[in-house]
Amino acid sequence: MRLTAHSDYALRLLMHVGRHPDRLCTIGEVARAYGISEAHLMKVTHRLGQLGHLQTLRGKGGGMRLARPPEEIGLGQVVRELEPDFHLVECHGPGGACALTGHCGLAGILDAALQRFLQHLDHYTLADLLPAGDALPSFPLLRQAAS
């Protein structure tokens, strides 16, 4: 299983914003920090705002911050909300036409594995991804690190 870039970017964005609770973060700064397109991040930011994970403020001096404490943002919930589907094999999808349907145990095994994956994520929140205490490590910008 592989998460979509949208989910990956959303988790990175939440981690970045969660590291800076004292100020508004901008799409541009997150894009530079992770080497991600601003256009993609705008879509991700908009969706996270719709879902109630981010509060966004438009205009000059605007930006984003977490809409709730990091302890209230569950990783399993975020992944479920952002992934378009969890069809690991063809027979899981709508209209899947597999010649083995009804004679194969793979679908059930993969369903159980997916449920365990999501249940594992349910044990963690955004707070688990953030540095503990007051000492926030400084993450070098990817473009600067490449220089």
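Summary table
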| item | result |
| --- | --- |
| Segment Thr56-Leu114, length gained on full extension (0.36 nm per residue, minus Cα span) | 17.6 nm |
| Tail fraction, Cα-Cα pairs, segment 5-134, threshold 26 Å, whole percent | 34 |
| Calculated from backbone phi, Karplus (6.51, -1.76, 1.60) coupling profile of segment 48-60 in Hz, x at Gly/Pro | 5, x, 4, 7, x, 8, 10, 10, 10, 10, 8, x, 4 |
| For segment 5-134, with +1 on Lys and Arg beta carbons and -1 on Asp and Glu, the positive-most of Leu129, Leu75, Gly61 along the dipole | Gly61 |
| Extension gain (nm, one decimal) between Leu121 and Arg32, 0.36 nm per residue minus Cα-Cα | 29.3 nm |
| Cβ-based exposure ranking for Lys60, Lys43, in which fewest neighbours within 10 Å come first | Lys60, Lys43 |
| Full-extension gain in nm, Glu83 to Asp128, via 0.36 nm per residue minus C-alpha separation | 14.1 nm |
| Whole-Å distance, taken between Cα centres, linking segment 4-60 and segment 69-84 | 14 |
| Peptides ranked, highest mean first, by Cβ atoms within 10 Å: ranges 121-127, 110-116 | 121-127, 110-116 |
| For segment 5-134: relative contact order, % (alpha-carbon pairs under 8 angstrom, 6 or more apart) | 29 |
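Each value in this text was obtained by applying a stated rule to the coordinates, not by laboratory testing. Quick caveat: nothing in here was measured; it's all calculated off a predicted structure. Cβ sites come from the backbone with ideal geometry, for glycine too, and all protein chains shown count toward neighbours.
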